[in-house]
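S.K.: Input: one structure, supplied below.
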Amino acid sequence: MKHMTNYRWTICSLVFFATTINYLDRQVISLLKPVLEKEFSWTESDYANIVAAFQLAYALGMLGIGSVIDRIGSKMGYAISLFLWSIAAIMHAFARTTFGFGAVRAALGVTEAGNFPAAIKVVAEWFPKKERALATGIFNCGTNIGAVIAPLVVPWIAITYGWQMAFIATGAVGFVWLIFWFLMYDSPAKHKRVSEAELAHINSDPDMDAAVLDKNEPAIPWTKLLTYKQTWAFAVGKFLSDGVWWFFLFWLPAFLIAEYGLEGTEISFPVAVVYIMAGVGSVLGGWLPMWFVKSKGWSMVRARKTSMLIYAIFPLMVMFSQEAGSYNMWYAVIIIGIAASAHQAWSANIFTTVSDMFPKSSIGAVIGIGGMVGGFGAIAVAKTAGLLLDYYRALGEVETAYYILFLFCGTAYLIAWFLMFRVLVPRMTPIQDL
């Protein structure tokens, strides 16, 4: 047998960069919020509606895009999605009304919905189960790198060249990625750089995946997927946790401005710190269950559930971030960073529960269903945030609104863990009736 190569990690790096671009594009508007509020006279509710337009389109896009990617394959599915969302990102520069921003945000949402179904499908095709959480954690770290790069470059571009150029420059990056994707990607069985040993390693799972190595294996219809508790476990977990991450993504700069009076590029470093911490959490979150399996001899189910319980506990700290921040802003920043880190560790594993329980042929569809439900949860959080912030800002008590929102952010994961692993899928039983 030939010496095993590690080309699968090269593929993981491609997915990492695509996810980085995905979050770079969606993060721009939150960093330009103060500029755009002045230019277009937005209220908090206007901004919340624009965010909700993205999230609604993202959620609805998720329902269909996963099944499409299952049918056309991860290579073309990923490429088409990234090409279209790059166009949508650039089109923000040409919006001239609040409605126009809502429209282009919706276009960005529906096209960006392809990233995670395609990414998780790629990981399931290229990695055995024991490595999937780590691979997912690595590519999911791209969400944080994108969020780190954005505050470092977007304000500078906007100040130097205008806010329109910030959207154009970040959107154009996706076209560079497409060149590398078409040059470097193919399925493991067809790829010339994959050795026989590495292919055997990729296909080493002894259970259900062996039954679906044939690419012609039919996918489970999404209507049937809705009858499985496994589908709803993933969906419930996404519904409760996605809104927390999106709240941090779209309101963290506004929180720091409102509570600590930061201006212009002063926002860049603390936001970057939060997302650097989240990136570390993403990788460690993927590594921990693998460590439990290798070092403790635990089953994959026990390792996954225990790891996710640990990650669910840490966000409780965010409920105390404002109190800590009253002594020094950096206490609040670090606590929010810990919560964001825990979310990314949770995210690396909740995505992997899908490939733990479903055949490869249906992973995109399940990710899409869960992503849609998570999107609706995020919409609920966004709309609630807008209403709370407008109400309490009018009373001169905006910190109360943030406390209520942080209360939800702190407890959401423990509630999700209980519903997933105590109510719906305590044994994480794989789907077998294909």
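The values are calculated or read from the model by the stated rules, or taken from the named source; none is laboratory data. Keep in mind it's a predicted model, so treat the numbers as computed, not measured. Note that each Cβ is placed from the backbone with ideal geometry, even for glycine, and that neighbours are counted across all protein chains shown. Side chains are part of the model used for accessible areas, which takes the heavy atoms of the whole protein and leaves out ligands, DNA and RNA. Shrake-Rupley method; radii C 1.70, N 1.55, O 1.52, S 1.80 Å.
S.K.: Which helices (runs of 4 or more DSSP H) sit wholly inside region 24-120 and have at least 3 residues that are more than 22 Å from ALA385 (Cβ to Cβ)?
M.R.: Counting at least 3 such residues, we get 44-72, 74-91, 98-112.
S.K.: Looking for whichever is more than 19 Å from the chain's Cα centre (by Cα) and either of a type in the set (S, T, N, Q) or open to solvent by less than 10 Å² (accessible area, probe 1.4 Å) (or both) here; the options are PHE101, PHE54. Which one fits?
M.R.: Details: PHE54 fails: more than 19 Å from the chain's Cα centre (by Cα).
Result: PHE101 is the single residue among PHE101, PHE54 that is more than 19 Å from the chain's Cα centre (by Cα) and either of a type in the set (S, T, N, Q) or open to solvent by less than 10 Å² (accessible area, probe 1.4 Å) (or both).
S.K.: Go through region 121-138 residue by residue and tally those that are assigned to a helix (DSSP H, G or I), hydrophobic (A, V, I, L, M, F, W, C) and within 19 Å of GLY73 (Cα to Cα).
M.R.: Going through region 121-138 one residue at a time, the tally reaches 4.
S.K.: Give region 358-368 a look and list any residue that's surrounded by fewer than 24 Cβ atoms within 10 Å (Cβ to Cβ) and part of a helix (DSSP H, G or I), or say none.
M.R.: Within region 358-368, LYS360, SER361 meet the criteria.
S.K.: If you don't mind, there's one more thing I want to ask. Considering only region 220-239, how many residues are part of a helix (DSSP H, G or I) and among the hydroxyl-bearing types (Ser, Thr, Tyr)?
M.R.: Going through region 220-239 one residue at a time, the tally reaches 2.
S.K.: Examine region 370-379 for a residue that is surrounded by fewer than 24 Cβ atoms within 10 Å (Cβ to Cβ), touching a helix residue (DSSP H, G or I) at 6+ places or on another chain (Cβ under 7 Å), closer than 20 Å to MET308 by Cα and β-branched (Val, Ile, Thr), and state whether such a residue exists.
M.R.: There is at least one residue in region 370-379 that is surrounded by fewer than 24 Cβ atoms within 10 Å (Cβ to Cβ), touching a helix residue (DSSP H, G or I) at 6+ places or on another chain (Cβ under 7 Å), closer than 20 Å to MET308 by Cα and β-branched (Val, Ile, Thr).
S.K.: Next question. If you go through region 202-218 one residue at a time, how many are open to solvent by 30 Å² or more (accessible area, probe 1.4 Å) and either at pLDDT 85 or above or in contact with a Leu (Cβ under 9 Å, 6 or more places away or on another chain) (or both)? Before the answer, list the steps.
M.R.: Let us first name the residues in region 202-218 that are open to solvent by 30 Å² or more (accessible area, probe 1.4 Å), namely 203-204, 206-207, 210-211, 213-218.
Then keep just the ones that are either at pLDDT 85 or above or in contact with a Leu (Cβ under 9 Å, 6 or more places away or on another chain) (or both); that gives 203, 211, 217-218.
Within region 202-218, residues that are open to solvent by 30 Å² or more (accessible area, probe 1.4 Å) and either at pLDDT 85 or above or in contact with a Leu (Cβ under 9 Å, 6 or more places away or on another chain) (or both) number 4.
S.K.: Would you list the helices (runs of 4 or more DSSP H) that sit entirely within region 259-338 and hold 3 or more residues that are of a type in the set (A, V, I, L, M) and crowded, with 17+ Cβ neighbours inside 10 Å?
M.R.: 268-296, 300-313
S.K.: Then there is this: If TRP85 satisfies every condition in (1) more than 30 Å from TYR392 (Cβ to Cβ); (2) open to solvent by 10 Å² or more (accessible area, probe 1.4 Å); (3) of a type in the set (Phe, Trp, Tyr) but one, which is the exception?
M.R.: (2)
S.K.: Follow-up question, since we're still on this one. Note down all Cβ pairs under 8 Å where the first residue falls in region 161-179 and is touching a residue at least 24 places away in the same chain (Cβ under 8 Å), the second is charged (D, E, K, R) and open to solvent by 20 Å² or more (accessible area, probe 1.4 Å), and they're at least six residues apart or on different chains.
M.R.: Hits for this filter: TRP163/GLU39.
S.K.: So, one more: Given the options ALA189, ALA118, ALA135, ALA150, name the one that is open to solvent by 20 Å² or more (accessible area, probe 1.4 Å), out of contact with any Pro (no Cβ under 9 Å at 6 or more places or on another chain) and among the small types (Gly, Ala, Ser).
M.R.: ALA189
S.K.: Then there is this: Looking at ILE335, ILE363, can you tell me which residue is of a type outside the set (D, E, K, R) and free of Cβ contacts under 8 Å to residues at least 60 places away in the same chain?
M.R.: Selected residue: ILE335, the only one of ILE335, ILE363 that is of a type outside the set (D, E, K, R) and free of Cβ contacts under 8 Å to residues at least 60 places away in the same chain.
S.K.: Next question. Restricting attention to region 156-186, and to residues there that are among the polar types (S, T, N, Q) and open to solvent by 20 Å² or more (accessible area, probe 1.4 Å), which single residue is nearest to ILE29 (Cα to Cα)?
M.R.: Among those that are among the polar types (S, T, N, Q) and open to solvent by 20 Å² or more (accessible area, probe 1.4 Å), it is GLN164.
S.K.: May I pose another question? I want to confirm something. Restricting to region 380-395 and keeping residues that are of a type in the set (A, V, I, L, M, F, W, C) and assigned to a helix (DSSP H, G or I), which single residue is most open to solvent (accessible area, probe 1.4 Å)?
M.R.: Step one: of region 380-395, the residues of a type in the set (A, V, I, L, M, F, W, C) are 380-382, 385, 387-389, 394-395.
Among the residues that remain, those that are also assigned to a helix (DSSP H, G or I) are: 380-382, 385, 387-389, 394.
Details: ALA380: 49, VAL381: 19, ALA382: 2, ALA385: 0, LEU387: 113, LEU388: 34, LEU389: 0, ALA394: 88 Å².
Ranking the qualifying residues of region 380-395, first place goes to LEU387.
S.K.: Considering only region 145-187, how many residues are modelled with pLDDT of 90 or more and not in a helix (DSSP H, G or I)?
M.R.: The qualifying residues number 1.
S.K.: Residues in region 328-337: is at least one closer than 26 Å to GLY109 by Cβ and among the hydroxyl-bearing types (Ser, Thr, Tyr)?
M.R.: Looking for residues that are closer than 26 Å to GLY109 by Cβ and among the hydroxyl-bearing types (Ser, Thr, Tyr), one finds none in region 328-337, hence no.
S.K.: Find all pairs meeting these conditions: Cβ atoms under 9 angstrom apart; at least six residues apart or on different chains; first residue within region 250-274 and under 13 Å from VAL148 (Cα atoms); second residue not in a helix (DSSP H, G or I).
M.R.: Every condition considered, the pairs that remain are PRO253/LEU262; PRO270/LEU262.
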